[in-house]
Amino acid sequence: MSAQLRIGNKLPKNKKNSNIRVITLAEVENISGQEGNFDVTVKINPRYTTEGCTGCGKCAEVCPVERANDFNFGLDKTKAAYLPQPFAFPMKYVIDSAVCLGASCGKCVEACEVKAVDLAMAAKTMNINVGAVIWATGWDSYDIAKLHNYGSGTVANAISNIMMERLAALQGPPTVKSFAHPMVKSLRILPLYSVRVPVMRTTRRHAPLYAVWQH
Ligand code: SF4
Ligand code: SF4
């Protein structure tokens, strides 16, 4: 289970804890002050859907634009209006402004029965005073295209362990579709061995490689 899912599963329970406030789509822009008294400036990026979003998905059904699904490491696609992941918190659709056609399209606005789409939503800034800051940056998946000594970057369809995790997940991308090729009729995925990767930015120190057979 990925860290994103682990944390995502706990967030709804924490919502009932009045001592915990979860701010999503947020970027810390500035921190000043000292221990016990920090002023933090936080930018809240727009979701383009309001609190009224029920997560019904009708906006995605009518959306004509597709984008790479970053939660599945580009192995499949989502619409420009999409749920970031199966256990998203909050369980609300978001619109990718980088690919959305905007008001000239507006199909999602028409499709949303509860009028929860707001294509004009803008970023906001908020200031918070806190006693302590925990610096938890998260991580990016290691770019396996850099593992030239194992053929990655030159061998077609080489995938990382975290991509394999998504392929094996119940709600992950369809395997054959992810490796779409006219010659591919079925796939066999065989774990090979662990590769020690000393400069990984992940919490894992070993990156298993997988061989994908095409028939
Ligand atoms: S924005 Fe509207 S149509 Fe899209 S998931 Fe939310 S409620 Fe449904
Ligand atoms: S306005 Fe954007 S998100 Fe809505 S349907 Fe059109 S492309 Fe998709």
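The values are calculated or read from the model by the stated rules, or taken from the named source; none is laboratory data. Keep in mind it's a predicted model, so treat the numbers as computed, not measured. Ideal geometry is used to build each Cβ from the backbone, glycine not excepted, and the neighbour counts take in all protein chains shown.
Descriptive notes on the structure:
- Candidate set from segment 47-75 (those that are within 14 Å of ligand 2 (Cβ to nearest atom) and under 14 Å from the mean Cα position of the chain (by Cα)); member that is farthest from ILE95 (Cα to Cα): ARG67
- Every condition in (1) without any contact (Cβ under 8 Å) to a residue 24 or more places away in the chain; (2) outside any loop (DSSP other than H, G, I, E, B); (3) more than 9 Å from ligand 2 (Cβ to nearest atom); (4) exposed (fewer than 13 other Cβ atoms within 10 Å of the Cβ) holds for THR78 except the one numbered (4).
- Of the residues making up segment 86-95, just one is surrounded by fewer than 18 Cβ atoms within 10 Å (Cβ to Cβ) and either touching a Phe, Trp or Tyr at 6+ places or on another chain (Cβ under 9 Å) or farther than 21 Å from GLU51 by Cβ (or both), namely PRO86.
- Pairs meeting the criteria (first residue in segment 57-75 and closer than 30 Å to ASN161 by Cα, second residue basic (Lys, Arg) and away from ligand 1 (no atom under 15 Å from the Cβ), beta carbons under 7 Å, at least 6 apart or on different chains) are GLU66/LYS77; ARG67/LYS77; ALA68/LYS77; ASN69/LYS77; ASN72/ARG166; PHE73/ARG166; LEU75/ARG166.
- Within segment 134-159, residues that are under 30 Å from ALA26 (Cα atoms) reach partners that are among the basic types (Lys, Arg) with beta carbons closer than 6 Å, at six or more positions or on different chains, in the pairs TRP139/ARG201; ASP140/ARG201.
- Set ALA103, ALA98: member being part of a loop (DSSP other than H, G, I, E, B) and either surrounded by fewer than 16 Cβ atoms within 10 Å (Cβ to Cβ) or modelled with pLDDT of 95 or more (or both): ALA98
- For the criterion of being outside the structural domain of VAL42 (by TED's automatic domain parsing) and either touching a strand residue (DSSP E or B) at 6+ places or on another chain (Cβ under 7 Å) or exposed (fewer than 13 other Cβ atoms within 10 Å of the Cβ) (or both), THR137 passes.
- Selection of segment 36-54 for residues being surrounded by 14 or more Cβ atoms within 10 Å (Cβ to Cβ) and not hydrophobic (A, V, I, L, M, F, W, C) yields THR41, LYS43, ASN45, PRO46, ARG47, TYR48, THR49, THR50, THR54.
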